[in-house]
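The next block holds one structure in the form of structure tokens; read it before the comments.
The values are calculated or read from the model by the stated rules, or taken from the named source; none is laboratory data. Quick caveat: nothing in here was measured; it's all calculated off a predicted structure. All Cβ positions, even for glycine, are placed from backbone atoms using ideal geometry, and neighbour counts span all protein chains on display. Surface accessibility is based on the protein's heavy atoms, side chains included, excluding ligands, DNA and RNA. Shrake-Rupley method; radii C 1.70, N 1.55, O 1.52, S 1.80 Å.
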Amino acid sequence: MFINATFMKLLNTMPNTLEDAREEMKRADHLLYVSLKYTRTVDVLKSLLERLTNAIDAIIDGLLDFALEKKKIKEKPENLGLKGTLVKKTFKDETINEMIDFSLTLKKINRAEFKRSREFRRHVTMTAITDTGIVEINIDIIKEHYFKTKSYLDYAEEIIFGKKET
């Protein structure tokens, strides 16, 4: 298999953050398909939310590293809010904007006060009380969030590894 030098350079510098995102997704996968199957508690749902948030944060870091490498930005901020704003401004892509907004929503839900209901049952539900209203998270919703996060990771890899123009 032939791999060009530019691709190898990208592979060696940036993917640390994307690799972190992949690792978080592996952990989320285990929580979703193993832990939640046998435990069915709100604690597992909260852990899943945290893993998905961490994965998106790593994706954002990967996109910023890519932009830094391509000299689209001069520096990478440390603040997560500034990172999200800079990614939106740099890439000007609808999917990236959705990802940033989704990440903020997950963080709000994870930080919010919550109530537990139907634990140890198929319809275990975490009801979070956020500033925008009441949000219910159950197994079906968390699966949707998992697949959405996975699609964002795939999309970021397409951008970074050259299959998609920015």
Of K70/K92; K92/K143; K46/K148, pairs whose Cα-Cα distance is over 23 Å: K92/K143
Gain in span if fully extended, E98 to H30, counting 0.36 nm per residue against the direct Cα distance: 22.0 nm
Coil-residue chymotrypsin sites (Phe, Trp or Tyr not before Pro) of region 61-108, DSSP, other Cβ within 10 Å capped at 14: none
Electrostatic dipole magnitude of the chain [Cβ: Lys, Arg +1; Asp, Glu -1; Cα centre; debye, to 20]: 240
Accessible surface of the chain [probe 1.4 Å, protein heavy atoms]: carbon and sulfur percent: 51
The chain: C-alpha gyration tensor shape, a/c 1.5 cut-off, then a/b vs b/c: prolate
Average accessible area per residue (Å²) across the chain - probe 1.4 Å, nucleic acids and ligands excluded: 58
Gap separating the Cα centres of region 32-81 and region 103-165, nearest whole Å: 11
Of the DSSP H helices in the chain, those whose Cα atoms cover at least 20 Å axially and whose Kyte score averages -0.5 or more: 42-69, 94-111, 139-160
Neighbour-limited loop hits for trypsin sites (Lys or Arg not before Pro), region 39-136 (at most 16 other Cβ within 10 Å; DSSP other than H, G, I, E, B): K70, K71, K72, K74, K92, R118, R121, R122
For the chain, the longest site-free run once GluC sites (Glu not before Pro) in DSSP loop states with at most 10 other Cβ atoms within 10 Å are removed: 79-164
Sites N16 and T105 - FRET efficiency at Förster radius 25 Å, r taken between beta-carbons, to 0.05: 0.40
